[in-house]
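The values are calculated or read from the model by the stated rules, or taken from the named source; none is laboratory data. Computed from a predicted structure; not experimentally measured. We place every Cβ from the backbone using ideal geometry, glycine too, and count neighbours over all the protein chains shown. The area values use the complete protein model at the heavy-atom level, side chains included, leaving out ligands, DNA and RNA. Shrake-Rupley method; radii C 1.70, N 1.55, O 1.52, S 1.80 Å.
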Amino acid sequence: MRIDVLFSPADLEPDSYAGRTFVVIDILRATSAIVTALANGALDFRTVVTVDEALTLARKEDVILCGERRGLPIEGFHLGNSPREFNREVVGGKRLVMTTTNGTRAIEAAKIGSKVLIGSFLNRRYVVDFLASDGGDVVILCSSLRGRFSLEDTVGAGAISSCLSGDKADSAIAAERLFENYSSNLLQMLKESYAGRYLTSIGLEDDLPTCANIDSLRILPYFDFAKGVIWAAAGEG
Ligand code: MLT
């Protein structure tokens with residue numbers, strides 16, 4: 001197993017990584033929100049890059065629109081991007097359409113892979129268990145901050161890579177060392193991160209402990225190329 005961590009979708013060279021198993025990480029907050037929603041009984045997600053795409057889908061079918069721009073809920077959408085919003089009463093049995101600043105773009109970029117998994121601290125163990133049993137070469141893709149390095153996504157990548165054995169790129173080793181440095185207090189790391197400080201500045205600090213809750217959900221969302229949606233085999237939630 002070869003393990004690479006990419007700090008941004010901008011680092012994605014198709015010739016080098018096409019066909020691999022991708023794990024997309026957006027700790028604050030897109031992949032944390034997707035994992036939470038599916039653990040709470042949501043049927044599936046479609047991720048789109050633009051608000052117009054999302055609104056067009058909502059005119060055609062009964063979906064919940066969710067996501068953010070500049071961290072805040074989008075006008076005309078049902079939910080923002082706080083995982084706390086995606087509780088069973090709201091999303092249970094529903095189809096969702098999401099667009100966010102970085103996470104949904106990273107998911108789109110990851111579709112050059114043969115598999116696209118949705119990873120976060122929340123379902124870290126479930127992701128690791130799948131990757132270890134699957135054995136395929138892995139790319140852990142950090143959603144980044146508009147192409148700039150993301151501390152929390154890289155620590156999240158290290159949390160996964162550190163549980164795997166294989167031929168690791170320097171980027172994976174570096175991510176693991178960062179994870180080791182923060183593993184005893186992930187919440188403090190989120191508070192130090194740019195994204196964490198920004199969310200706090202707009203009154204969304206309560207998202208940080210939610211997204212830091214490592215190994216708390218046993219579910220593995222993935223992109224189903226045949227159906228065109230992100231869903232999950234029956235997890236234990
Ligand atoms: C992202 O796409 O970077 C995040 O979803 C941003 C956020 O949730 O505020």
Requested in this report: For the chain, calculate the relative contact order in percent as a whole number, restricting contacts to Cα pairs under 8 Å that are 6 or more residues apart.
Outcome: 32
**Report entry** Among SER150, ILE160, THR36 the positive-end extreme of the charge dipole of the chain (Cβ point charges)
**Finding:** THR36
Report task. Round to the nearest 10 and give me the degree value, 0 to 90, for the angle of helix 51-60's Cα axis relative to the longest principal axis of the chain. Result -> 50
Report task. Could you please state how large a percent of the accessible area of region 2-224 is carbon and sulfur, counting protein chains only and using a 1.4 Å probe? Result -> 48
Requested in this report: Give the percent of DSSP beta bridges with both residues in region 2-224 that are antiparallel, rounded to the nearest 5.
Outcome: 10
Report task. For SER165 paired with ARG69, estimate the spin-label separation in nm (one decimal), with each label point 7 Å from Cα along the Cα-to-Cβ line. Result -> 4.9
Query raised in the report: For region 66-177, how big is Rg over Rh, using alpha carbon atoms and the Kirkwood form of Rh?
Result: 0.99
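Please list ASP170, ASP137 from largest to smallest accessible area, probe radius 1.4 Å, with all protein chains kept in place.
Working: ASP170 125, ASP137 75 Å².
In descending accessible area the options line up as ASP170, ASP137.
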Report task. Please work out the average accessible area per residue across the chain, using the 1.4 Å probe convention, and give it in Å². Result -> 41
Query raised in the report: Got a sec? What order do GLU85, GLU13, GLU53 fall in by accessible area at 1.4 Å, biggest, i.e. largest, first?
Result: GLU13, GLU53, GLU85
Query raised in the report: Can you give the net charge of the other residues whose Cβ lies under 12 Å from the Cβ of SER144, counting K and R as +1 and D and E as -1?
Result: -1
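Are there trypsin sites (Lys or Arg not before Pro) in region 41-83 that DSSP puts in a loop and that have at most 12 other Cβ atoms within 10 Å, and which ones?
Sparse-neighbourhood loop trypsin sites (Lys or Arg not before Pro): ARG70.
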Query raised in the report: How large is the dipole of the chain about the Cα centre if only Lys and Arg carry +1 and Asp and Glu carry -1, each at its Cβ, rounded to the nearest 20 debye?
Result: 320
Query raised in the report: Could you sort MET189, MET1 by accessible area so the largest value comes first, with the probe set to 1.4 Å?
Result: MET1, MET189
**Report entry** the chain: angle of helix 30-39 to the longest principal axis, Cα-based, in degrees nearest 10
**Finding:** 70
Query raised in the report: By how many degrees, between 0 and 90 and to the nearest 10, does the Cα long axis of helix 124-134 differ from the longest principal axis of the chain?
Result: 60
Query - Cα-derived Rg over Rh, computed across the chain with Rh taken as Kirkwood radius - result: 0.93
